[in-house]
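Take a look at the structure set out below.
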Amino acid sequence: MYIITVGAGDIGTPLIEIATGTGNEVVVIEKDAARADEVATEFDCLVINADATIKETLEDAGADRADALISTTDQDATNVMISLLAQELEIPSIVSVVHNPEHMNLFRQIGVNTMENPQRLIAESLFRSVDRPSIVDYMRVGDVAEVFEITVAEDAPIAGLNLVEADNEGLLDEDTLVVAIERPDSDSPITPRGQTRIEAGDLLTVYSGSGATPAVTDIFGHYEDHETNNSSGFSL
């Protein structure tokens with residue numbers, strides 16, 4: 001892919017590293033001269049030291065053949081302007097970081113794919129590690145629902161049951177779905193069916209419409225979440 005990345009800060013630099021490392025053709029637009037020089041020295045990409053809110057800068061970056069533009073500056077107003085210019089130049093895929101959640105709807109209205117402030121996402125993930133220690137990884141869906149990963153404990157109520165049996169025993173309600181199973185002795189993830197048996201040690205990917213609450217994690221044998229919530233005084 002031909003990717004134009006705007007900004008080489010804390011968000012943009014790792015993105016440049018990933019994009020160049022996977023063989024993409026990357027052009028970086030960075031307004032700060034010193035930072036632009038650092039990127040040009042470190043990565044195999046074209047770096048333009050200029051203002052991306054100027055249409056000619058995007059044209060110089062090859063907007064006419066770009067597959068995507070990703071704007072990572074620390075100002076939402078700047079990201080909006082860049083995104084609008086990218087639309088005018090008919091770049092097929094436009095993605096922007098959004099720092100203020102109140103601005104998310106604006107980006108969506110103009111048809112830009114968004115990523116919420118990564119620093120906030122990291123902070124939420126760190127807090128979740130303390131508040132819900134049983135959760136390996138998670139992603140919020142809407143305001144309440146979550147997709148999360150959790151390991152099945154030896155004494156878990158669901159251990160040893162197939163999904164039909166777990167449903168019959170009321171362990172999995174209509175808002176809780178086991179989406180995938182990673183098993184230590186399996187080379188690839190298992191797509192669960194009704195007769196698929198859940199074993200202790202399985203790493204499950206689970207969707208829960210009510211989120212990863214202690215009542216949900218109990219099913220998989222993790223009761224420590226009750227203790228953490230009671231002692232911390234925090235809740236999600």
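Go through Pro118, Pro101 for me and flag whichever is more than 23 Å from Asp67 (Cβ to Cβ) and modelled with pLDDT under 90. It would help to see each step written out before you state the result.
Details: Pro118 fails: more than 23 Å from Asp67 (Cβ to Cβ).
Pro101 is the lone residue from the list that is more than 23 Å from Asp67 (Cβ to Cβ) and modelled with pLDDT under 90.
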Reported set for segment 31-47 where residues are open to solvent by less than 50 Å² (accessible area, probe 1.4 Å) and touching a helix residue (DSSP H, G or I) at 6+ places or on another chain (Cβ under 6 Å) is Phe43, Cys45, Val47
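Can you find even one residue in segment 16-30 that is under 19 Å from Leu106 (Cα atoms), open to solvent by 10 Å² or more (accessible area, probe 1.4 Å) and under 19 Å from the mean Cα position of the chain (by Cα)?
Initially, segment 16-30 is screened for residues under 19 Å from Leu106 (Cα atoms), giving none.
No, the conditions are met nowhere in segment 16-30.
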Just one listed residue, out of Leu85, Leu106, is assigned to a helix (DSSP H, G or I), among the aliphatic types (A, V, I, L, M) and in contact with a Leu (Cβ under 6 Å, 6 or more places away or on another chain), and it is Leu85
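Glu149 - would you say it is out of contact with any helix residue (DSSP H, G or I) (no Cβ under 8 Å at 6 or more places or on another chain), assigned to a helix (DSSP H, G or I), open to solvent by less than 80 Å² (accessible area, probe 1.4 Å) and modelled with pLDDT of 90 or more? Can you show your working first?
Working: out of contact with any helix residue (DSSP H, G or I) (no Cβ under 8 Å at 6 or more places or on another chain): yes; assigned to a helix (DSSP H, G or I): no; open to solvent by less than 80 Å² (accessible area, probe 1.4 Å): yes; modelled with pLDDT of 90 or more: yes.
Spelling it out, it is not the case that Glu149 is out of contact with any helix residue (DSSP H, G or I) (no Cβ under 8 Å at 6 or more places or on another chain), assigned to a helix (DSSP H, G or I), open to solvent by less than 80 Å² (accessible area, probe 1.4 Å) and modelled with pLDDT of 90 or more.
Please go through segment 184-210 and pick out each residue that is within 21 Å of Met139 (Cα to Cα) and free of Cβ contacts under 8 Å to residues at least 40 places away in the same chain. Walk me through how you get there before you give the answer.
Filtering segment 184-210 for residues within 21 Å of Met139 (Cα to Cα) gives 189-192, 202-210.
Hits for segment 184-210 are Pro189, Ile190, Thr191, Pro192.
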Check your understanding: Can Asp74 be described as touching a residue at least 60 places away in the same chain (Cβ under 8 Å), open to solvent by 70 Å² or more (accessible area, probe 1.4 Å) and not polar (S, T, N, Q)?
Key -> yes
| message | When you scan segment 132-144, do you find a residue that is polar (S, T, N, Q), within 30 Å of Leu85 (Cα to Cα) and modelled with pLDDT under 90, even just one? | response | no
*Report yes if Thr53 is open to solvent by 70 Å² or more (accessible area, probe 1.4 Å), of a type in the set (S, T, N, Q) and out of contact with any strand residue (DSSP E or B) (no Cβ under 8 Å at 6 or more places or on another chain), otherwise no.*
no
Inside segment 176-197, the number of residues satisfying the requirement of being within 18 Å of Glu149 (Cβ to Cβ), part of a loop (DSSP other than H, G, I, E, B) and touching a strand residue (DSSP E or B) at 6+ places or on another chain (Cβ under 7 Å) is 5
When segment 162-176 is checked residue by residue, the ones that are of a type outside the set (S, T, N, Q) and surrounded by 13 or more Cβ atoms within 10 Å (Cβ to Cβ) are Leu163, Val164, Glu165, Ala166, Asp167, Leu171, Leu172, Asp173, Asp175
Taking segment 86-105 and keeping residues surrounded by fewer than 23 Cβ atoms within 10 Å (Cβ to Cβ), within 17 Å of Tyr2 (Cα to Cα) and of a type outside the set (Val, Ile, Thr) leaves Gln87, Leu89, Glu90, Pro92, Ser93
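The values are calculated or read from the model by the stated rules, or taken from the named source; none is laboratory data. Since we're looking at a predicted model, the values are computed, not measured. Positions of Cβ are backbone-derived with ideal geometry, glycine not excepted, and every protein chain shown enters the neighbour counts. Ligands, DNA and RNA are excluded from the accessible area calculation, which covers all protein heavy atoms including side chains. Shrake-Rupley method; radii C 1.70, N 1.55, O 1.52, S 1.80 Å.
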